[in-house]
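Student: Starting off with a structure, shown below.
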Amino acid sequence: MRTQANTAQQIIEVALGLMIERGYNAFSYADISERMGIRKAGIHYHFPTKSDLGRSVVAYYRTLAQQGLNQIDQILSDPREKLTLYTEQFYRQMKEANFFCLCTLLATELPTLPECVRDEIEGYFREHTAWFATLLASGRAQGIFSFGGDSTIKAQSVLAAIQGAMIAARAYQDPEHFRTIALQVCADL
């Protein structure tokens, strides 16, 4: 038996999969209804509008991503190892589950998204940029990384390269493409 909270979470998880598969603009409540075997009215009960659902999905994804960053920080201390684990986790998810970073995908749709969804996506990129900036600054201070300029700008560059590698891997339908590019980005620091 489903509880209301359980149903809302299941809707978010199904919508997450659909958004990764198709993007924000190419899925509907009918798609969720079909996959879950519930009526569209049941979805509207929890998420009155698609923008409410979209914001909730991206917020959920941000929480999962932040937990992933925290886990990396807890299990590793070496900045290069942290960066490598970050890329390897995405590689495994791409290879094993055809997973793609939701915020990378949705960033390409940004002009067509509701403001509340855009805000969540921008939050994701701010959080990841901050994590990368801290990682890179620490690595440079320890003599592990060598790069010029501001660590925040470098963090944006590294994040953009990794996100771009995901897009390229999806275009080539080959997770190895992502891994090759991402590991080279890490090695170049």
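The values are calculated or read from the model by the stated rules, or taken from the named source; none is laboratory data. Because the structure is a prediction, the values reported are computed rather than measured. When the accessible area is computed, the model is the full protein with side chains, heavy atoms only, and any ligands, DNA or RNA have been set aside. Shrake-Rupley method; radii C 1.70, N 1.55, O 1.52, S 1.80 Å.
Student: Give the carbon-plus-sulfur fraction of the accessible surface of the chain in %, rounded to a whole number; probe 1.4 Å, heavy atoms of protein chains only.
Tutor: Carbon plus sulfur share of accessible area: 51 percent.
Student: What does the C-alpha gyration tensor say about the overall shape of the range 95-144? Classify as rounded when a/c is under 1.5, otherwise prolate if a/b is larger than b/c, or oblate.
Tutor: Since a/c reaches 1.5 but b/c is at least a/b, the shape of the range 95-144 is classed as oblate.
Student: Rank 129, 112, 104 by mean-square fluctuation in a GNM of the chain with C-alpha springs under 10 angstrom and give only the top-ranked residue.
Tutor: Residue with maximal mean-square fluctuation among 129, 112, 104: 112.
Student: Once you have a ≥ b ≥ c as the square roots of the Cα gyration tensor eigenvalues for the range 96-189, tell me rounded if a/c is under 1.5, and otherwise prolate or oblate according to whether a/b is larger than b/c.
Tutor: Details: a/c = 2.68, a/b = 1.29, b/c = 2.08.
Since a/c reaches 1.5 but b/c is at least a/b, the shape of the range 96-189 is classed as oblate.
Student: Please identify the DSSP H helices in the chain that span no less than 15 Å along the helix axis (Cα) and have a mean Kyte-Doolittle hydropathy of 0.5 or more.
Tutor: Passing helices, by number: 151-172.
Student: Excluding residues on the same chain fewer than 8 positions from residue 50, give the aspartates and glutamates whose Cα lies under 18 Å from its Cα.
Tutor: Candidates past the 8-residue exclusion: 13, 21, 31, 34, 109, 115, 119, 120.
Student: With every protein chain present, what is the per residue accessible area of the range 1-157 (1.4 Å probe, Å²)?
Tutor: Numbers: 7920 Å² over 157 residues.
Ligands and nucleic acids excluded, the figure is 50 Å² per residue.
Student: For P(r) over Cα pairs in 5 Å bins from 0, in percent, pick the label among (1) 1, 7, 16, 20, 21, 18, 11, 5, 1, 0; (2) 1, 6, 9, 9, 7, 6, 5, 4, 4, 3, 3, 3, 3, 4, 5, 5, 5, 6, 5, 4, 2, 1, 1, 0; (3) 1, 8, 15, 18, 18, 15, 11, 7, 4, 2, 1, 0 that corresponds to the value derived from the coordinates.
Tutor: After the calculation, the listed value that fits is (3).
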